[in-house]
Amino acid sequence: MAYGDYYELPVQLPFAEEKRMLRVWLPPEYKQNKNANFPVIYFADGQNLVDNELTAYGDWHLDRIIHDLSKEGVVAPILVGLDCPKDPMQRSNELNPPYEVQRSVRVSGPDNPIGDQYVDFMADEIKPLIDKTFRTNPTKEYTGLAGSSMGGIMSFYGYFYRKDTFGFALSFSIPVFFYKKSDWVLLLDSLGDDPKTLGKIAIFVGGQGFEKKFTKGNIWIAKRLRSLGFGEDQLKFIINTKLPHNEESWAANCPEALRFLLKDMKI
């Protein structure tokens, strides 16, 4: 970690036996602007945000990315990340919406998805704790969800499921193929008559190796959102079919996504 201040707190999840580490990163601007209230982005896989030593797959370098964006005048957010469990199946269950999983992916995908409980925990337990402890702007418009792969599906689903709490989302490499298209249609149709009430969303997908499984579904999701009324000012869709399914790809496309999501915010 090169910039900002970093805090850790073990928390007990109601749907998990072991405690999990909650990680909070404050941008340098937090100390510099003592009367300012900051946007907050809640990430899945908190160990991957700013510290390469915490993860076996590399981090997103978000401290450096946000530092560089702040030089452009983009508001620096507070980052909050909840570590994923050690068991891959438990992680998959926690981060996926409670739909019936396609038979073809049940071996590697979730077998008992409880993503609604995960998002509710972030909205009803973690967010109030963060708002009480730090100088946040607690409004929906300044509160976002973010993640990649399983975390990407969590942030995308949570953006719609708890639209009362989360006003924007960064959703990278969403595993759309886990579920039937009819489930996605129902979710997207639930946005109501005016999609503008939902705020912004940024989606990225690559296309190399394992990431090829994600490309078609993410393109369909973006087209569906456009057809429902998400304009250029509300949806940023980033595609680079030369990139694989890893943290390096997600980190490389994070600046464009964050620039889009945060550009109109003030502190």
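The values are calculated or read from the model by the stated rules, or taken from the named source; none is laboratory data. Because the structure is predicted, anything quoted here is derived from the model rather than measured. Glycine gets a Cβ as well: all are built from the backbone with ideal geometry, and neighbour counts include every protein chain shown.
Summary table below
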| item | result |
| --- | --- |
| Subset of region 7-49 [among the acidic types (Asp, Glu) and within 21 Å of the chain's Cα centre (by Cα)] | 8, 45 |
| Hey, residue 101 assigned to a loop (DSSP other than H, G, I, E, B), touching a residue at least 60 places away in the same chain (Cβ under 8 Å), over 20 Å from residue 250 (Cβ atoms) and out of contact with any Lys or Arg (no Cβ under 9 Å at 6 or more places or on another chain) or not | yes |
| Filter result for residue 173 (in contact with an Asp or Glu (Cβ under 9 Å, 6 or more places away or on another chain) and under 21 Å from residue 104 (Cα atoms)) | yes |
| Per-region count, region 185-215, residues more than 13 Å from residue 250 (Cα to Cα), surrounded by 17 or more Cβ atoms within 10 Å (Cβ to Cβ), out of contact with any strand residue (DSSP E or B) (no Cβ under 7 Å at 6 or more places or on another chain) and not aliphatic (A, V, I, L, M) | 1 |
| Enumeration of residues in region 14-28 that are out of contact with any Leu (no Cβ under 8 Å at 6 or more places or on another chain) and aliphatic (A, V, I, L, M) | 16, 26 |
| Residues that are among the aliphatic types (A, V, I, L, M) and either free of Cβ contacts under 8 Å to residues at least 12 places away in the same chain or farther than 16 Å from residue 80 by Cα (or both), drawn from region 1-52 | 2, 16, 36 |
| Candidate set from region 242-267 (those that are touching a residue at least 24 places away in the same chain (Cβ under 8 Å) and farther than 23 Å from residue 48 by Cβ); member that is surrounded by the fewest Cβ atoms within 10 Å (Cβ to Cβ) | 266 |
| Residues of region 110-129 satisfying the condition of being hydrophobic (A, V, I, L, M, F, W, C) and within 16 Å of residue 89 (Cβ to Cβ) | 114 |
| Qualifying residue in region 30-43 (condition: surrounded by 15 or more Cβ atoms within 10 Å (Cβ to Cβ), outside any strand (DSSP E or B) and modelled with pLDDT under 95) | no |
